[in-house]
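Reading through the structure tokens given below for one structure.
Coordinate-derived values only; no laboratory data. Everything numeric here is computed off the predicted structure, so don't read it as measured data. Note that each Cβ is placed from the backbone with ideal geometry, even for glycine, and that neighbours are counted across all protein chains shown.
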């Protein structure tokens, strides 16, 4: 399979007053198109930092991130924002839906930013929401949706521009066991149907058993990079 993501000696250091904190200490990683990769490790080890660098939400202290051969950090901020909106989908622990907008409108927003006109963006958003079982909830605002439904809307929003790479940071962190399992089943189904590459930071053991690969971070480095023992067909 072709490589969709490559990182080379990726480092991130923060200054907290006079103290220098090295969060990532040279991450070399390759991910193939269509893979589901789970990143695990104890809190504070740099999992979310790595995901943010891969997604271009933050810039590294050193190193490179290439997505489909594009060097993210050779791009200016505006160019990077456009690339990020077009090529990468994000799902976070907190859904970050805009409370004043309906489910349909929340999903449409990245499509409008992509340059689609209103009618096209609306039709695309409706199709995705139908696909994930929320076709009857299009005009409901986030406060009128359950936690599981809100996170499904967030998944739909991440997919509207057809990104080849989807990054998820603890996507079930605020959900109960039943909704967590339902969301993971949805993610696996979408991966199988659309072939998007998924990189997921999680503490949930269920997701690790359904991934293609599990990467364990320790002390800012990759400790293990293992093919998962999976029951996936």
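Using mean Cβ contacts within 10 Å as the protection proxy, how do 5-12, 46-53 order, highest first? Mind showing how you got there, number by number?
Numbers: 5-12: 18.5, 46-53: 22.8.
Peptide ranking by packing, descending: 46-53, 5-12.
Got the relative contact order for the chain handy, in percent, Cα pairs under 8 Å and 6 or more residues apart? Show your work: numbers first, answer last.
Numbers: 438 pairs, mean separation 62.9, N = 233.
Averaging sequence separation for qualifying contacts and normalising by length gives 27 percent for the chain.
From Cα pairs below 8 angstrom and at least 6 apart in sequence, can you work out the relative contact order of the range 1-75, rounded to a whole percent?
Values: 124 pairs, mean separation 29.7, N = 75.
In percent, rounded to a whole number, it is 40.
Note on the range 76-213: Kirkwood hydrodynamic radius from all Cα pairs is 15.1 Å, rounded to one decimal.
When the chain is fully extended, how far beyond the present Cα-Cα distance does residue 19 get from residue 117, taking 0.36 nm per residue of separation?
On the way: separation 98, 0.36 × 98 = 35.28 nm, distance 4.89 nm.
Extending this stretch completely gives an extra 30.4 nm.
For the chain, taking the reciprocal of the average inverse distance between every pair of different Cα atoms yields a Kirkwood hydrodynamic radius of 18.2 Å.
The ranking of 74, 122 by Cβ neighbour count inside 10 Å, starting from the fewest, reads 74, 122.
Can you give me the Kirkwood hydrodynamic radius for the range 26-97, using every pair of distinct Cα atoms, in Å to one decimal?
Numbers: mean 1/r = 0.0736 Å⁻¹.
One decimal place: 13.6 Å for the Kirkwood radius.
The calculated 222 nm mean residue ellipticity attributable to helices in the chain amounts to -10500 deg cm²/dmol, summing -39500 (n - 2.57) over DSSP H runs of n ≥ 4 and dividing by all residues.
Based only on Cα atoms, what Rg/Rh ratio does the range 145-233 have, Rh being taken as Kirkwood's radius?
On the way: Rg = 13.4 Å, Rh = 13.9 Å.
So for the range 145-233, dividing Rg by the Kirkwood Rh gives 0.96.
Approximating the spin labels as points 7 Å out from Cα along Cα→Cβ, the residue 193-to-residue 76 distance works out to 4.0 nm. Under the criterion of Cα pairs below 8 Å and six or more residues apart, the relative contact order for the range 146-233 equals 24 percent.
Spatial offset of the range 127-203 relative to the range 47-62 amounts to 22 Å, using the alpha carbon center of each.
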